[in-house]
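The values are calculated or read from the model by the stated rules, or taken from the named source; none is laboratory data. Note that the coordinates shown come from a computational prediction; the quantities given were computed from them, not determined experimentally. Cβ placement follows ideal geometry from the backbone for every residue including glycine, while neighbour counts extend to all protein chains displayed. The protein model used for the area step is the full one, side chains on, heavy atoms only, and it has no ligands, DNA or RNA in it. Shrake-Rupley method; radii C 1.70, N 1.55, O 1.52, S 1.80 Å.
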Amino acid sequence: MGSGLDITFMLEILPKLLKGALLTLELSILCVILSSLAGLLLGTARVLGPRWLRMLVQAYVDVIRGVPPITIIALAYFGLPEVGLTLDEYWTGVLALTLVGGGYAVEILRAAIESLGKGQSEAAAALGLSRLQTYWDVLLPQSLRLVLPPLTNELANLIKASSLLSVISVNELAKTGNDLIFQHFVVIEVLLQVTLLYLLIIGSLDVLSRWLETSRLVHPERYRSSA
Amino acid sequence: MLSALPRLLPALWLTIEISLIALALALAIGINLGTLQSYLRPGHPVRRLLRVYVFFVRGTPVLVQIFGAFFLLPVLGIELSPFWVGVIALTFNSAGYQIEIARAAIDSIDKGQREGGLALGLEAWQVQWLIMLPQALRRMIPPLTNELSQVVKASSVLSVISVFELHKASNAIASTSFKYIEVLTLQAALYFIVIHGLSLLSRHLENRLPGGPKLASAVR
C-alpha cells in the first residue's frame, strides 16, 4: 500500500457500503419498533399481571441481560428451524434482535414508571381509579414521553448489536465491509468508511437523545409558563 | 447435553481470563485518563482528544473495533496471537467506558474536598490524584462490576477472530456433534451464571457503598 488513501477505491465501494448502512438502519429501526411493542406488552404484564406472569417477565429480562447477544442470535439461527419455523437470515436476525431489544425495553418502561413518583398512583387511587385505569390513563401516558430519550439510546445499541448479524450472513454494514476487505485485500480504506458510517448514524442518535432529554416534547411541564 | 460441559468449562475459563485481563488493563488506562479529563479545563486539547476517543468507542460496534484490531495491528507491523489481539480490542473498548465511569465518580465528589486540599497548600494535581481519586474509587466499584459483565458479553464477539472462548468453543462442539440447541443452551446458561452473578454482586455493592444506586445508573 502506498502512502495516502486510495480515494478512487473509496468512492468505488461507497455505494455498496451505503447499501449495507441502509440495511443496518432498516433492521435496527424495525427492531426498535417491534421491541418497543414487546416492551409495552410485557411491561404492562409486569405491572398488572398475576405474580407468576410478573416473575416470568422478570426471568425473560434477566436472561436477555445475562446472555451475550451473539448467543441469542446463534440460538435463533439454529433453534428456530428445529421448532419448525424456517425463516431467512434477515427475519431470523430481526427476531433475535427484537428479543434482545424487548428485554431492555421492559426495563426502560419500568424505570420511566418508577420515576413518576408515588404521588401519581396515590392521587389516582384517591380519585377512585382502578389499578388498570391508574396504569393506562395516568402512569402510561406520562411515562411514554419519558421513554423517548432512552429508546433513542436503545436504537443506537441495536444498531451496534445488528453488526453481529454478520455472523449469520445478513449483508448489513459490518458484513459488507468485511467482505470488501477479503475481496480487495484493502484494509484501511474500508475500515475507515465503515467506522465513519457507524459514527455518523450513532452520533446523530446521540445528539437526538440529548436533545430529547431537555425538549418540550418529553418534559412539557418544564416549559409551562405562568401565563 | 451435560456431556459437553467438561469441554466448555476450559472455554469459559478463557472467557473469564480474557475479560479479567482486559478489564484490569482498561482500569489502569480508564481511571487515569478519566481523572485527567476531570482535571483539565474545558476546551483543553487533551480533554477534547479524550472525548473523541470516548465518542469513537461508544459510536462503533465492538465487532468493528475487533476487526479493526485484527486487521490494523499487522498493518502496523504488530503480529500477535488472536488471544492478545482480543485483549487489545477489549481493552480499547472498555477503557472508553471506564473513562466515563471514573470521570462521573470524581465529578460526584463534594467540591469541598478539592477546596480543602487546595487550602492545605497541595498542588492541583495532588488534590486530584491523592484526594479526589481515592474517594471516587469506592464509588466506581458498582459500575465497574457492571462493566466487567459488559466485557464478558463483548468477549463473545472475539469468536469472529477465532479466539476459542466460550462462544467459539461451543460453536465448534455444536458443529461436530450437530447438537446445536443443547450446546447453545448450555453456553447461554454458563454466560448467564457469570453475568447475572456479576449483576447481583453489583446491586449488592450499590447498596453497601457510598454514592448509591443513583451514581451507578448515571454512568451507564
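Things to note:
- Any hit, region A:210-221, residues being within 12 Å of chain B (Cβ to nearest Cβ) and either open to solvent by 30 Å² or more (accessible area, probe 1.4 Å) or in a helix (DSSP H, G or I) (or both): no
- B:Ser170 vs. criteria of a type outside the set (A, V, I, L, M, F, W, C), part of a helix (DSSP H, G or I) and open to solvent by less than 40 Å² (accessible area, probe 1.4 Å): yes
- Number of positions in region A:38-65 that are away from chain B (no Cβ under 14 Å), more than 15 Å from A:Ser143 (Cβ to Cβ) and part of a helix (DSSP H, G or I): 9
- Answer from B:Leu80, B:Leu50, B:Leu76 - the residue that is modelled with pLDDT under 95, in contact with a Leu (Cβ under 8 Å, 6 or more places away or on another chain), farther than 27 Å from B:Ala188 by Cα and surrounded by fewer than 21 Cβ atoms within 10 Å (Cβ to Cβ): B:Leu80
- For B:Asp107: the one exception among (1) touching a residue at least 40 places away in the same chain (Cβ under 8 Å); (2) surrounded by 16 or more Cβ atoms within 10 Å (Cβ to Cβ): (2)
- Residue in region A:141-159 that is assigned to a helix (DSSP H, G or I) and under 14 Å from B:Val160 (Cβ atoms) present: no
- Residue in region B:178-188 that is of a type in the set (Lys, Arg) and either modelled with pLDDT of 90 or more or under 19 Å from the mean Cα position of the chain (by Cα) (or both) present: no
- Of the residues making up region B:135-149, at least one is more than 8 Å from every other protein chain (Cβ to nearest Cβ) and more than 19 Å from the chain's Cα centre (by Cα).
- Of the residues in region B:92-104, not one is over 27 Å from A:Ile188 (Cα atoms), part of a helix (DSSP H, G or I), among the aromatic types (Phe, Trp, Tyr) and open to solvent by 20 Å² or more (accessible area, probe 1.4 Å).
- Residue check, A:Leu27 within 14 Å of chain B (Cβ to nearest Cβ), touching a residue at least 12 places away in the same chain (Cβ under 8 Å) and either open to solvent by less than 70 Å² (accessible area, probe 1.4 Å) or under 17 Å from A:Ile201 (Cα atoms) (or both): yes
- Candidate set from region A:1-24 (those that are β-branched (Val, Ile, Thr) and surrounded by 14 or more Cβ atoms within 10 Å (Cβ to Cβ)); member that is modelled with the lowest pLDDT: A:Ile13
- Scope region A:154-196; condition in contact (Cβ under 8 Å) with a residue 40 or more places away in the chain, facing chain B (nearest Cβ under 10 Å), among the polar types (S, T, N, Q) and in contact with a helix residue (DSSP H, G or I) (Cβ under 6 Å, 6 or more places away or on another chain); matching residues: A:Ser162, A:Ser163
- Qualifying positions in region A:81-103 - surrounded by fewer than 20 Cβ atoms within 10 Å (Cβ to Cβ) and more than 10 Å from chain B (Cβ to nearest Cβ): A:Gly84, A:Leu85, A:Thr86, A:Leu87, A:Asp88, A:Glu89, A:Tyr90, A:Trp91, A:Leu95
- Subset of region B:31-47 that is in contact (Cβ under 8 Å) with a residue 40 or more places away in the chain and among the aliphatic types (A, V, I, L, M) - its residue that is most open to solvent (accessible area, probe 1.4 Å): B:Leu33
- Count of residues meeting criterion [part of a helix (DSSP H, G or I) and farther than 25 Å from A:Glu213 by Cα] in region A:104-133: 8
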